[in-house]
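All remarks here apply to the structure that follows.
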Amino acid sequence: MEAIQARHNLADMTYINPLPVRIWHWVNALGFVLLVLTGAQIRYTDIFGVLTFESAVKLHNWVGFAVIANYFVWLGYYIFSDRITNYHPVLDARKFATNFFQQAQYYSYGIFKGEHSPHQVQPYDKFNPMQRLAYQLIMLTAAPINFVTGLMMWDTQRFANWIAAVGGIRVVDTIHVAIFILFVFFIFVHAYMGALGRTPITHYREMFTGYEEH
Amino acid sequence: MNIKPQVLVIDDDAVVGRSFDRVLTKKGYEVSTALTGEEGLERMETNAYDVVFTDIQMPGMNGIEVAEHIKSKCPWTPVVVITGYGTEEHEAKASVLGVKGFVRKPLTPEIIESITLKAMEKQAEAPEAANEVVERAAEEVAVEPELNPSTLRKAGTVAKNIVLFLASPFIALGYVIALPALGFYMIAKLSWQALRTKTAAS
């Protein structure tokens, strides 16, 4: 029975997300939700009244540092792993554009007709072209920018020179909030896309087990 | 002559062969697969392999018999037994045959890659290694060193990976700017072609 199960596992599953990635993902998910909630509380005090402004700021800061530390877990893992290829750019622009539009066609039409995704998930190429582009920008641009702007607002005295260099605290705040709105949008899209597996919970289960189910 | 390291995977479950192929081909190996022990041994008569993986339980010839045949004909070739059924008896017999190791299912890409590297490293260290293999390794270094996975690792793959990683957001921004324009161009082109076809038909 065990042997049959082992054979079944190998036949139907591909190991896509190793343990460090899964730990990072779920810590990050929890951190992002808390940051969004506390951020909304800080920004819109007149609308939300769950926490006091001071408590919300304190919690937002602590969670922010945890998410930054967690980001370095992700960064360190990928930099020293062969799986870094998942975040590499596709240098053949024609090929990338073709695959990108094929994927867009799938998401806008084919998926509703029950077609298969044109991209096959593989350990060293797990993202489809649209995901690849999105994650490159989110993980390597948007997230670091929000960490830095968050740090600037955490201690405006310490980072006074940086704040002045980018045009003042209003600019820093606007960038931070704009990316916060982007992340809120991302969380909803991400959760929705996560439900588009073979069953609504397949992709969620995969993010716990690490195995992509075919 | 093929200069990539040659790997043979013998397993009656075709998915196993495909898993090895998917992982190792990207790493610069050439993977051949066989569904039975007999087919695997036939392949070995026409091609020299740097490492052979064999399932232990297959219809017809089992993995231990395959290892026996390989060790009698090409004793220098490292054989790794894939098993979900590992028994002490099997492992003891295989060890006597000089099997290089066991790998248990389910296999992850990391396991596949590391066991292959380990088997090949042992092979390179073995004094009785066949001249052919040594010559081929030498040719790999002389002709296209970047095709040797271990050389790849040691010769700056990490640096290249990091540079590409850091460059990716900038290239992604370029795509973000270019793709909408390209999308409109493609829609316009398709529309124009459809219009011309319709005009020609009428």
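Just so you know, in region A:88-115 the residues that are assigned to a loop (DSSP other than H, G, I, E, B) and either within 11 Å of another protein chain (Cβ to nearest Cβ) or touching a Gly at 6+ places or on another chain (Cβ under 7 Å) (or both) include one that is nearest to A:GLU206 (Cα to Cα), and it is A:HIS88. Screening A:LEU133 on (1) among the aliphatic types (A, V, I, L, M); (2) modelled with pLDDT of 95 or more; (3) touching a Leu at 6+ places or on another chain (Cβ under 9 Å) shows it passes everything except condition (2). Being within 11 Å of chain B (Cβ to nearest Cβ), over 30 Å from B:MET186 (Cβ atoms) and assigned to a helix (DSSP H, G or I) is a condition met by at least one residue of region A:57-75.
Residues that are assigned to a loop (DSSP other than H, G, I, E, B) and facing chain B (nearest Cβ under 9 Å) were ranked within region A:116-147; the one that is surrounded by the most Cβ atoms within 10 Å (Cβ to Cβ) is A:PRO123.
Please verify whether region B:181-199 includes one or more residues that are within 18 Å of A:HIS88 (Cα to Cα), at pLDDT 55 or above and in a helix (DSSP H, G or I). Checking region B:181-199: not a single residue is within 18 Å of A:HIS88 (Cα to Cα), at pLDDT 55 or above and in a helix (DSSP H, G or I).
Screening region A:22-47 for residues that are in a helix (DSSP H, G or I) and of a type in the set (D, E, K, R) and picking the one that is nearest to A:GLU206 (Cα to Cα) gives A:ARG22.
Annotation note: of A:PHE147, A:PHE208, A:PHE112, A:PHE101, the sole residue that is in contact with a helix residue (DSSP H, G or I) (Cβ under 6 Å, 6 or more places away or on another chain) and hydrophobic (A, V, I, L, M, F, W, C) is A:PHE147. Kindly establish whether A:ALA165 is surrounded by fewer than 18 Cβ atoms within 10 Å (Cβ to Cβ) and of a type in the set (Gly, Ala, Ser). Considered against the rule, which asks whether it is surrounded by fewer than 18 Cβ atoms within 10 Å (Cβ to Cβ) and of a type in the set (Gly, Ala, Ser), A:ALA165 comes out as yes. The residues of region B:52-69 that are buried (at least 23 other Cβ atoms within 10 Å of the Cβ) and either among the acidic types (Asp, Glu) or over 12 Å from B:ILE82 (Cβ atoms) (or both) amount to a single one, B:ASP55.
Looking only at residues of region A:60-107 that are of a type in the set (S, T, N, Q) and more than 22 Å from the chain's Cα centre (by Cα), we find that the one that is surrounded by the fewest Cβ atoms within 10 Å (Cβ to Cβ) is A:GLN105. The condition of being more than 30 Å from A:GLY210 (Cα to Cα), at pLDDT 85 or above and over 20 Å from the mean Cα position of the chain (by Cα) holds for B:GLU38. Do the conditions hold for B:PRO169, that is, is it at pLDDT 80 or above, outside the structural domain of B:VAL16 (by TED's automatic domain parsing) and either within 26 Å of B:GLU30 (Cβ to Cβ) or not hydrophobic (A, V, I, L, M, F, W, C) (or both)? Yes; evaluated as a whole, the condition is true for this residue.
Taking the criterion of being touching a residue at least 60 places away in the same chain (Cβ under 8 Å) and within 20 Å of A:HIS116 (Cα to Cα), the only residue of region A:163-201 that qualifies is A:LEU196.
The values are calculated or read from the model by the stated rules, or taken from the named source; none is laboratory data. This is a predicted model, so every value here is computed, not measured. Methodologically, a virtual Cβ is constructed for each residue, glycine included, from the backbone with ideal geometry; neighbour enumeration extends over all protein chains shown.
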